[in-house]
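The values are calculated or read from the model by the stated rules, or taken from the named source; none is laboratory data. In this text the structure is predicted, and so the values were computed from the model without any measurement. Cβ placement follows ideal geometry from the backbone for every residue including glycine, while neighbour counts extend to all protein chains displayed. SASA here: full protein model, heavy atoms, side chains in, ligands and nucleic acids out. Shrake-Rupley method; radii C 1.70, N 1.55, O 1.52, S 1.80 Å.
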Amino acid sequence: MRTGSRALRRPKALLLALGTVLAAVLAAVLIAPASAVKDTAQQAAAPANFTHPGVLISRPQLDFVKAKVNAGAQPWKSAHDQMLASKYGSLSRTAKPRAVVECGSYSNPNYGCTDEREDAIAAYTLALAWYIGGDSRYAKKSIEIMDAWSAVIKDHTNSNAPLQTGWAGSSWPRAAEIVKYTYSSWPNSGRFGTMLRNVYLPKVINGSHSNGNWELSMMEAAIGIAVFLEDRGAYDKAVAKVRGRVPAYIYLTSDGSLPKTAPGSGLDTRDEIIKYWQGQSTFMNGLSQETCRDLTHTGYGLSAISHIAETSRIQGQDLYPEIADRLRHALGLHARYQLGEPVPGNLCNGSLKDKLGPVTEVGFNALHNRMGFGMSNTQRLTEQQRPAGSNNLFVAWETLTHANNPA
């Protein structure tokens, strides 16, 4: 009997121990901080099903533009005419692909750098022209350019390779998405996807600790490529990089006395941060990490941020709400001084260089027209610059595609 009673007690003790462990596990799950749940959700940024076309511009947006152009409405009609009259809209364009594109600092040397960027913009331009006008010659020319490059290119080299890859890699998926999902036939679309996966994505997906516009352009390319490839892992990784970089690129007073730093930046001291912010030691809402460098490079960063957010919105996970305050303050601050307001002495020693470029339409449309923020300075600058053309790097025809576009 004694032996039997021991045998009965052991399972009971074991069950009690297991119950204690399970209770502890359950309690840990139930009392886990909300931030842990949020972090898990943020890591799964990619949609269950990707939307196509879905890089920077969606089919409803394209349909809105098409209707406006066909009705002769402004500013879309003049923007469309500008696009077709540009070198990028030419049906006689001949692509200039290279196996290795070599780009040094400030594109010196420039072995295929300009050719690649401009062919990518041309492919996107021609894709837009096809959808809006319905002339298949434009789709065929866009395909011809994309096929020429996917048959040849193997690598990007030299110091500017990551940025070059980001710029060209931002335009290619825009073109590819429109053509693949709205035109009847593109036999080499798979080869083009292989090019994006093997030549472009590895150069951009891990980001950069250079000036912020580098990483932002690289992540724009990575997200666009991920959409085309339907690569959820790459999409999630790129969005995580963006979430770390945007707060480190645009300052808000709520950040504290110093700007935030990007994960892994290695910026540990006040002096290091100020040096990285071009020597600026007074911080204000909307200041960019590159404001005191020049407005042009700042414009690259702000443009990439708006493009990324626009693509995320199309894909069903809208990043605009979490970056809206930073982006609207940044656009407003820089627009104010580009419009001619005197620069205060505590901002870049009272002097700002260059101009933002044709980069405000996408962000302005999203933040002002869709989200309802008052943005008078950004509105004035945006309307002054219409129709916005191309910066010949990775920005093109955004008055046409995004001016007052509610879709």
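Side notes on the structure shown:
- Among the helices of the chain, those built from whole DSSP H runs whose Cα atoms reach 18 Å or more along their own axis and whose mean Kyte-Doolittle hydropathy is at least -0.5 are 2-30, 113-133, 161-182, 212-229, 295-314.
- Here the stretch 54-125 and the stretch 305-341 have alpha carbon centers that stand 22 Å from each other.
- Based on DSSP H segments of at least four residues, each scored -39500 (n - 2.57), the chain has a per-residue ellipticity at 222 nm of -18000 deg cm²/dmol.
- A simple packing score, the average count of other Cβ atoms within 10 Å per residue, orders the peptides 393-401, 210-218, 164-172 as 164-172, 393-401, 210-218, with the highest score first.
- Rel. contact order, % - alpha carbon contacts under 8 angstrom, at least six apart, the chain: 18 percent
- Fluctuation leader among VAL65, VAL199, VAL227 - the chain, Gaussian network, Cα springs under 10 angstrom: VAL199
- Inter-site label distance for SER257 and THR194 at 7 Å from Cα along Cβ, in nm: 5.8 nm
- The relative contact order of the stretch 202-272 comes to 25 percent, based on Cα pairs under 8 Å that sit 6 or more residues apart.
- Longest DSSP-loop-exposure-free segment, trypsin sites (Lys or Arg not before Pro), the chain, at most 14 other Cβ within 10 Å: 155-352
- Relative contact order for the stretch 66-225, counting Cα pairs under 8 Å that sit 6 or more residues apart, in percent: 23 percent
- Average accessible surface area per residue within the stretch 293-337, 1.4 Å rolling probe, Å²: 23 Å²
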